[in-house]
Structures are given as C-alpha cells and as structure tokens.
Amino acid sequence: MATIYIDNEPYTVEPNGRNLLEVCLSLGLDLPYFCWHPALKSVGACRQCAVILFRDENDTRGRLTMACMTAARDGMRLSLTDPRAVAFRASIIEWLMVNHPHDCPVCDEGGECHLQDMTVMTGHVRRDYRFDKRTHRNQNLGPLVNHEMNRCIACYRCVRYYRDYAGGRDLQALGWHDHVYFGRMEDGTLESPFSGNLVEVCPTGVFTDKTLGRHYTRKWDLQTAPSLCVHCGVGCNTMPGERYGLLRRVQNRFHHEINGYFLCDRGRYGYEFVNDAARPRVAADPDTVRGWLSEGRVAGAGSPRASLEANAALRALVGAENFYAGVAPAEHALVALMRALLEVHPTPPPSLREVEEADAVLLLGEDPTHTTPRLALALRQAALRPPMAAAGATLKIPPFDDAALREAVQDATAPFFIATPQATALDGVAMQALRLAPDDVARLGYAIAAGEGEIAAALRNAQRPLVVAGFGSGSPAVAQAAAAAARALGARLCFTLPACNSLGLALFDAPGVADMPRDVKTLILLETDLFRLLPDAEARLRKVKHVVVLDCLATPTVAAAHAVLPTATFAEADGTLVNYEGRAQRHFRVFPATGDVREAWQWLDALRGVTRTFDEVTAALAALPAFAGVEGAAPRAEFRLLGQPVPRQPHRTSGRTAVTANVDVHEPTTPPDPDSPLAFSMEGYQGHPPAPLTPRFWAPGWNSQQALNKFQQEVGGPLVGRPTGVHLLPVNTGAVPAGTPPPPFQPRADAVLFLPAHHIFGSEPLSARAPGIAALTPAPALAVGAALYARLGGGPVEVRVGDAVLTLPLREDPALPVGTAVLPVGLCAEALPAWGTLTGGPRDA
Amino acid sequence: MTDRPLTALIKPERAPLSLAEYEHAGGYAGLRRALTLTPAEVTTEVTKSTLRGRGGAGFPTGNKWSLVPAVDGRKYVVVNADEMEPGTMKDRLLLEGNPHQTVEGAIITAYAVGAQTAYIFLRWGYQLAEARVAQAIADAYAAGYLGERILGTDFSLQLYLHMSAGRYMCGEETALLNALEGKRANPRSKPPFPPVSGLFGRPTIVNNAETVSNVPHILRNGWEWFTKLSSGADGGTKLFGASGRVRTPGVWERPMGTPLREIFADCAGGMAPGYAFRALLPGGASTGFLTEDAFDTPLDFTSVEKAGSRLGTGTMIVLDDKTCPVGMQYSLQRFFARESCGWCTPCREGLPWVARTLEALEAGDGEARDLDVLDAHVHGLAMGNTFCALAPGAMAPLESALKLFRADFERHISEKRCPWT
C-alpha cells in the first residue's frame, strides 16, 4: 500500500502499476479524460487529465503533468484543483470545441455524451473561437454503425480499439493536423464483427448505433433492465433499452469476469428480432390446449434458448419422463459429452477474464469468432498480452503505456496454436495455424496430451495454459482430445456452446427430442423449431394429433402447429440462463409483454393450472440437485433497498404524465412486477443497487456509459457489491471418460466430408431475424479447398448429404484439407460433419 | 588537418568527391581506425570529444550511444536527414556536397552501438542529395565499407536510404521511427527512449546528419583535436546559416561558439542594401527572436539559451524592417499548423487557431481580443502541455514576437489593415 497526497489529502492506495488517472477515478474523484480507456489504457494524446505534480512537500510550484501517463508511487503529491490545472483542462475542452459542432440537440449521443459531461466538468462555457469550423464527409459504414465525422475530437480511441484491441484493419486514422479523419479508405461495411463497440468507445457522437437511430430515443427516456445476451453460450451481460413497447437498443453491461467493456455485433444488434412484425402474437385458446393434455400421451421439448424456469415449468407440466431436450441429436450428444468432460476436469471452465490472462492457447477445431464471438476477442488479448507483459518488465514500461508496449512487442504473440479445417479470424495472432480435418485435429490433441511435438513443449512451459474446443467442429473426438490435452497439460478447458442456455438445458439430463416416442398424442414444443433439428420433422409432426408450440419466433414449426402460444422474448421475460462456464445468471424483464404474449413459464403454469411467482418456479427448480443454488443468481422479488424497488426508468424520464394525456389525463398506473425487485417506474431506490440488479450506469455528472467508473470497486475492476451469477457446474468429479485417437482422416474418392460452418451473422436463429444482422448474413456458399475450387470454379454445385439436396455457389478456402468441404449450418437438418457427394461445376469438367 | 573538417572537401561548383577522391583526401580512415578499437572505445572517443547533437536539442552524442543496452539482437542506427525546419539547409550542404562523409559517420556509429542495420532518412524534397547519397552508398558497398564483414572484420552492416514522404514532424526522432516503420508519423511518449526501444521496438540511435558527419573526423584525428576546434565547452565546428534580407545568405562552417555578430556581419555580410535589421531567429523557425543586444552571444547551446533563445539548427532567419513581423508569424504558424501530426489536442487545435488569428490580423480583420488569444496559446502550448516539442517550438518565435513587436500587432488591429501592405 502507498500513500498519495491529492490536494494535500492523504489517500491510501494500491499503486499496482496503475497511473494517477486510474488512481484518482478509483478514489471517486472527478478528473476528465478522453483518450484513456480502462481496457485500452493510456497514450497521452488528449491532454485532458492534466494535474499539477509536485516533486516533494517542499515543491510549491509543481509541474503540469498528464495523470494517465504517470505511474502512481508512494509519497506522490499532486493537485487536481490547482488553478493552472483547472485552467488548462478547461482550455483543452475549448480547443476540442473549436471544431466540434453545436449539434447536441440533433445528435444521437446527446444526453449520454462523455464530451458533454467532460465539458461541464471542466467548466468551459465561453466560446472565443470566431472562425469557421472544419467539416468532413461522412461514410456509410454499413447497417450497424453511423458515422458523423464533424463531431470528432480526435481522441484516437476508435482506431486503438478497432485495430489494436480487436484486430480490425479497415478503420484507420487518415489525414493530418486538424483534418485527421477516422474512417475507411472508402465507404463500406466495417469488417470487424466487433464494430458496435465503437459506439461506446467513441466519447462523442461520431460513431453511433444506427439501429437505435432508426427508432431513436434519448437515454433518459429508455426503460432498461439488467439482461443477458441470448445469441450464444458466452452469457455476456447487457442493458437493453425500451420505449413504447419497442426495444431500441442493447448496450454493454460490464461484467468483470465475462464481457468486460465489449460485446460482439451479434450480441449488440441481434435484439431487433424482438420487434419483428412476424412474431407470433395471437394465442390459441389455452382451455382447448389444456383439454388436449388428457387425451393421451403428452411429451414436451425444452429449449436451449429458453430459460431454466421455462424449461422447468414444461418439465413440471409434462412430467420428467416426458421431458425432452429440443436439440438436434448430434449436438445433444456433443453438449452432453462436453458437460461430462467439464465436470471431471480438475479446474472449472475459465471466465473470459481468465481466458484473457492465459499465456498459452491451444484452439482445436473451433472458429470462435463465428460461434462464440466474444470469446474470440478475449483470445486475441491472450495472444497479445504475454509478450507485452514481458516487454514491460524488461524495458521498464508501465503496464498502462499501451503504445510503448505495442511498439516494443511488434508482431510477437504468446504461444497460440490453432488447428481447424477452415481458416479462422484468429490465425493472424497464432504462432501456428494448422489446417486439419476434424479427426486429425483430434489426433493432434491426443499427441499433445502425450507430450509429443513442439506445440506440447510450448504449452508445457506456460503458467496459465488454456485449451479451447467446442460445438463448432461438431466432432466429439475433438472435444475428447481437447479434454485429454488440457488434463495432460494442467490447462484450463473451455468449450464453446451454441445457445444461451445450452448447458442449462443439458443439466436437466433429458433425452434428445429425436428419442421421443412415436405414440405421442400431444406434443408441446417450447421454443423448439423441429425443422431445424430433425430431417424427418415433417413426418414426425404429421403423426402427432396436437402440436402445441410456444415460441417468440415465426418458425416453420410454428406454422405447422395446431396451437400457438406466443411467448415473451428475453426482453419481456425473467429467466435464468447457464453459460459455458456453468454460471447461472438472471435476466430481467425490460418491459412487460403486451397482448396475448406471455412469459413461457406463465403459459406452462397456466396449462398446468397453477399460479406461481417467478421465485417459486426458481425455488422448485432448485430442488433438483443439478440446480441447487440457482436461487443465488439474483436477489428475490421482495428484495428492497430502503424499502424501495429498483426503478427501470431513470429519474429524468420525460413526459410521465403527458405522454398518454390524449387518452387519459390521469397518470397511468405502472404495471406491477411481482417477479423481481425492479419496478416499471422511475420511482424507487436512486442509489447504486447490487450488481445483478443494476439497470443502467449513471451518476451525477456522468451521463455516458463511462459512469460505470462510479459502479466499480476500482476502474476496470469488478462492480461494487456481490458478483452476479452462481456456478452450477461441479468440477473434478471423477474418472475421465475414455477416449482414443480416431484413425487418420482418409479422403474418399466417392464422397466429400461436409463440415459445419458457423457465421456470426445468420447461424443463430434469433439474431438472424434482426434486419441489421440479416443484411450482413453472407449468402450461403460451399467452401472448398484450392484444388476443388480450381476444378469447379464458382459453382453452382449440387450437394447431397443425408436426405438433403442443396444447390450452392462455391467459395475458396485454399488450405481446407483435401476431401472436405464446409457447409453453412442451418441449410438442412443433417448433422455435420457428414459424408456426402458434390456434383456440378462447369459442364465440361 | 583542417579547422573546417565538415566542409573542407565540399566544392559547390563541382560534383561531390568520388569514393577514390574521398579516400585520397583521408576518407574512411576514421572508419579504419574505429575498426581497430572496440565499440566501447569508439563511444568513449566520441564522448570525450564533447560532440553534441546538431539537430537542435544538443544532447551529448557519446552519452546517447552509451544508453544502448548491451543486449543481443537487432539494433539500428538512423541518420536523421529529414531537414525541414524553415530556414535550415545545413544538412543539405553536407549530403549534396560530400555524402561519403555522412555514410562513413553512419558506419562508425553503427559499429560503436552494435547495430547491424542503418538508415538514412532523407527529406523528400532533397532529390539531388538522394541521388548522391545513393551513389555513395553503392560505392561504399562495392568497396567493402558496407555489407558483410566490413574491411575483413566481424562487423557487418546494411545501410539503406529511405526517402521520407515529406513531413516536418518526421524530424522528431520518434515520429521519424514510426514513419520508417510505415506508421503514421506521430511522436511516441518517452520513456522508453529510442536507445532502449526504437525502430521496430529495438535499441536505436537516431543522430542528425551533421552530427554523424563529425564522427569520421573525431575518429581520424582524435577527440582532443575536436575539442580544440572551438574555444568553448562544446567541441567542434558547426554549420551556421543565414537567410532573409542579408547581403549574402548562405551556410558556413565556423567553430562552435562563434559570436553571432561574426556570422551575421562577416559571413552574411550584414543587411542587404535598403533593409534595416529588426531581429533574428538564431536557430531556425522554432527558436525565439534575438535582437542586436545579443550580437556578442557565442553561438553554442548554453550561451544562446542564456540569451533567451535556442541555438537550434544554427541557421538564422533575419527579419528586416520591410517585412511585416505579423505576416512573418502568420507564415510560420501556418506552416506549423499544417505540420502538426494531429495527435495531441493543444497542437492539433491550437496551432490552426493561432494561424487563423494571424491571418485575420493580416487581412485587417483583427480584434482586440485576438492578442489575448495569441497570448493564451503561447502560454497553453508550453513544453509539457503538449505531447512533443512541435507546438512549444512553434510558440517560441510567436512569444518573442508578441513581446518585441507588440506595437506592430496592435497597429494591425487599430488600423484594421497590415501597415506593410
């Protein structure tokens, strides 16, 4: 511990390689900044965080110093309030305002703008600049991010995030002097699948959320709630915002162990499926459906995209013996295998923070950028951080001096090895990226487990090695081999999972929907699209007398149903989801469902003829051994702070009494919420609620997302109070399931091995309904290796796999192993990898 | 032995010496001697010579070399020939006049610091120098002064000529390194300094072309000879220059510490007929004005600083009575504003404001508060407030102009015009 004197007040702090800005902010002091970002660290460009630093107690003059570039040391003396520092900080704002337009009233950032906040904080109010402002042309950056360059204050955060942190190439600093321009060489969609974070990284309105812009609402008019991303198995924490029944946007909700400061674009922009006009909204008569339940055998299929509570309610309705997992057979078996492998592994699955801190990585069979994108962003940090740490130690560069560390490191990466059939977006940070068929990937894993080869040697030297595999390869052999390698190396083991509650559904230990008996009279499908899961879905459904579908998506199964009960989306429902780590987390209703739409668990309880609160559903669930402790994921509904609930609406929400005055001059009654400690109101506890209940980040003077500083134990650190989520997955439970290396992959003359290809945009069914995501979804194409591509050209080719026949154009993935081709998932219900045939190409070939 | 080693072999009326002529005149003897010494001994020789960097900052050259850590692996030497300071043309004389001298200096420097690769980073506009330096490098390779196992020793060096894309900012050594790496020419935060983490993050010595050109002579003639070239504390000679309405503008080599009056009156011949002297910037555009009071100042780093300015590049810009001092400032500040890299706020936004204010004054559009704006920038763009020295350098002439020529600035405002037009 060290003592630092700020304006002659002693503060006890832990310097720990931190700079003075981080120390001041962590102490709760207000010091304005722009170019520093807790995840991007310091570069000293904006000069906004100037303080006066004194040599010692005898130094009365001191020296203007940038807090973000100065390491905190014991005995340091500095002043934030020295008039010279105050004046200089105001003059920085004055300079930034030279060219910043006065367009706050029409700017999407207005009301949650870091530049506005910092301007007010410095007290700069008077404009002396009397000349024209410079203007720029804006670019069309695609359907997700809006570009308004005139507002730019050139903090360089965008390019530092986009290029240095996220590995993007197409956004750059262009131009020179006061004409620096942050954009692409030409108009075009940003290539990085993490581009949406620019919206939050940008301290003003240069990069804004284009989807929000189409149905714009000020931050202070958004009703928000703590929520979770439902578009893959990572479990990123989000803050969706709603007004007038329309979900307007999703923002990142900091979770120190998982998503930190960043989301992927699927997670940020997938939300618009909630607003989809095609959503089922008209309910069948529940009494009729209830009548069907006594007609004969009833079975139900739960869903990996439904909450634990919804699945539990279905299980209670149909009985444990009639409860099936609505998952394709191969995926069901693979997820069960991965769960079993995780439970016997000596260490728990790593959080994303632990992934970032790994110092050696083995990635087997998986392209996480397209399966669990946020994990890929974490893995990129794992590749870059160890050399930076080493260079910092050797050259005595403090850990926050980002530019100097990156300069010292150049292109060096940690031991990071990739073995996949197809090229991955992480190849660029890998020491080696091998292109192998899945069975050969598995063989490599087993060889590493046996200590053979240089990869094994490199991983063995690591302090914090990590092995990553997952559902993306579709290969149980790869999962087995990954677990064997991780165990042999003493590494952490991370499996990717496809859906937001894949692991949660797996914990019910239900058989897969394919094993459902054929004599079912009434089939209840909870958020399960049978056509996506089973090749013979149509035949099966035809045999069932009553098909009851509960869903929030307009799927082919909904179209084939005898009765549809429209369910609430994540934004209109409470629920607990279990992520890839086995961490159960709660999401809360952002806004109440309207019309016939009800939360799935409420429909199912209604069919069963019971009325329970959400907490009662969770309590019943917790009685199952696998879910013991699940109630700890979030406080119970009766939780109150100073006797008050947590308001979902900010205290500045406008028009509370006026908006509906055309209907009724009385203030509308707020909808009750018996299921959570949150209220659909602006009234309630105005302080900081516990982390799992935090609906927004706001503090006096801090209207942007960066108010987060005030909610953290220290900047960049965990949120104040109890962490969110509880771990349900046991670890180190016993014997390792036997696994043996498969024989080497043998290409066949008469067939091609079709491998699954996932894409961040389009492979996940919920987000695929969001217009922004749909616009970026690539047209389906079959990827083939160089030789095949040379022979067949651009196609089209006819693909036969199982009973499915598909006609597809070709694209080239030059290093793809001979004898394989990569087929986008979701085009057919056949399990991949699978052998099939490929015919076509130029007629004369 | 000459007392003007840098320019003795330069004959402006003819092409530079060929390799054979250069060798005949004693060229590469310094390198030959250096290779008989250990690298540490070469560094010691240069340290004892009291050679200080000629790019403007005046850092002791031998001390800089000794900051290179004794680590294995790649090290670099970069010759900073990105001479773009307004009014400065001294490196041009050396590179066009006797390129082998600079090449030889670069080789010795690389030997002393253990570099395997060296670059000459040349200003884009110096196309004649480009051709001559390229020829000198090619000749040196052919003669075995460059390449593998130089002169039969274990020392190998690759020397490349890099033509800059043409930015003043690249004169700042860390911006130069970024540019050489193919990045934006933004300066870097220091520490770490280039001797520790420079080009491609490796130990790197960046020396000015004139600095490097002194090195062969120090090695050939010994450090004592070098210190005796001047009478002051800083050894050696210096290229001094003068531009503006002087009788004979030019560049001359004189002992370090030569009085200002000698350069102005004897070398430059005083003011051209019909022009009266008002003040001069002693070391290029980013130094403050000196007046006639300072004519006895010895031109060395310490003395010029005592007189209230900086030696800078040693090439003076003379202001006469027929040139508007505000217009001169406008010209300079427009240059600095254009050359700001755009990295830090005060420089990026402040310099254009200054330039536009001066433009308004010149156009007769001045307002009383404009002088407050200029004063505020002189104060606000001080060293330490900005990321690098560009903006503080730009403020040096403005600050002194606002003091010396206050009345002229005020006349622009009160008369609503430039009195010189």
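The values are calculated or read from the model by the stated rules, or taken from the named source; none is laboratory data. This one's a predicted model, so the numbers in the text were calculated from it and none came from an experiment. For neighbour counting, all protein chains shown are included, and Cβ atoms are generated from backbone atoms with ideal geometry for every residue, glycine included.
Couple of notes before you dig in:
- Filter pass, residue B:206 being more than 14 Å from chain A (Cβ to nearest Cβ), closer than 20 Å to residue B:117 by Cβ, among the β-branched types (Val, Ile, Thr) and in a helix (DSSP H, G or I): no
- Residue in the stretch B:334-347 that is among the hydroxyl-bearing types (Ser, Thr, Tyr), touching a strand residue (DSSP E or B) at 6+ places or on another chain (Cβ under 8 Å) and either more than 26 Å from residue B:165 (Cβ to Cβ) or buried (at least 24 other Cβ atoms within 10 Å of the Cβ) (or both) present: no
- Residues that are of a type in the set (Gly, Ala, Ser) and out of contact with any strand residue (DSSP E or B) (no Cβ under 8 Å at 6 or more places or on another chain) number at least 2 in the following helices (runs of 4 or more DSSP H) confined to the stretch A:499-582: A:537-543.
- Scan of the stretch B:105-135 for residues that are of a type outside the set (Lys, Arg), over 14 Å from residue B:157 (Cβ atoms) and in contact (Cβ under 8 Å) with a residue 12 or more places away in the chain, ordered by number: B:121, B:122, B:124, B:125, B:126, B:128, B:129, B:130, B:133, B:134, B:135
- Elements of the type helices (runs of 4 or more DSSP H) sitting completely within the stretch A:373-463 and holding at least 2 residues that are at negative phi, of a type in the set (Val, Ile, Thr) and surrounded by 22 or more Cβ atoms within 10 Å (Cβ to Cβ): these cover A:438-449.
- Filtering A:117, A:132 for residues that are surrounded by 19 or more Cβ atoms within 10 Å (Cβ to Cβ), of a type in the set (D, E, K, R) and out of contact with any helix residue (DSSP H, G or I) (no Cβ under 6 Å at 6 or more places or on another chain) leaves a single hit, A:117.
- Scanning the stretch A:640-687 for residues that are buried (at least 16 other Cβ atoms within 10 Å of the Cβ) and charged (D, E, K, R) yields A:648, A:673, A:675.
- Filtered residues of the stretch B:295-333 (kept if closer than 22 Å to residue B:394 by Cβ and assigned to a helix (DSSP H, G or I)): B:301, B:304, B:305, B:325, B:326, B:327, B:328, B:329, B:330, B:331, B:332, B:333
- Summed over the stretch A:92-136, the residues that are facing chain B (nearest Cβ under 10 Å) and either part of a helix (DSSP H, G or I) or free of Cβ contacts under 8 Å to residues at least 40 places away in the same chain (or both) give a count of 13.
- Selected residue (only one of B:14, B:32 is farther than 29 Å from residue B:312 by Cα, out of contact with any helix residue (DSSP H, G or I) (no Cβ under 6 Å at 6 or more places or on another chain), in contact (Cβ under 8 Å) with a residue 40 or more places away in the chain and among the charged types (D, E, K, R)): B:32
- Members of the stretch A:243-256 found to be at pLDDT 95 or above and out of contact with any helix residue (DSSP H, G or I) (no Cβ under 7 Å at 6 or more places or on another chain), listed by number: A:253, A:255
- Hits in the stretch A:594-624 - residues which are surrounded by fewer than 16 Cβ atoms within 10 Å (Cβ to Cβ) and not in a loop (DSSP other than H, G, I, E, B): A:616, A:619
- Scan the stretch B:174-198 for residues that are outside any loop (DSSP other than H, G, I, E, B) and either out of contact with any His (no Cβ under 8 Å at 6 or more places or on another chain) or of a type in the set (S, T, N, Q) (or both) and the total you get is 6.
- Only one of the numbered conditions (1) touching a strand residue (DSSP E or B) at 6+ places or on another chain (Cβ under 6 Å); (2) farther than 19 Å from residue A:155 by Cβ; (3) more than 10 Å from chain B (Cβ to nearest Cβ) is not met by residue A:64, and that is (3).
Residues checked against (1) more than 10 Å from chain A (Cβ to nearest Cβ); (2) β-branched (Val, Ile, Thr); (3) part of a helix (DSSP H, G or I):
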position	(1), (2), (3)
B:357	no, yes, yes
B:361	yes, no, yes
B:373	no, yes, yes
B:379	no, no, yes
B:384	no, no, no
B:393	yes, no, yes
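- Condition met for residue A:193 (in a loop (DSSP other than H, G, I, E, B), within 14 Å of chain B (Cβ to nearest Cβ) and surrounded by 18 or more Cβ atoms within 10 Å (Cβ to Cβ)): no
- Of all residues in the stretch A:1-27 being hydrophobic (A, V, I, L, M, F, W, C) and touching a Gly at 6+ places or on another chain (Cβ under 9 Å), the one that is modelled with the lowest pLDDT: A:2
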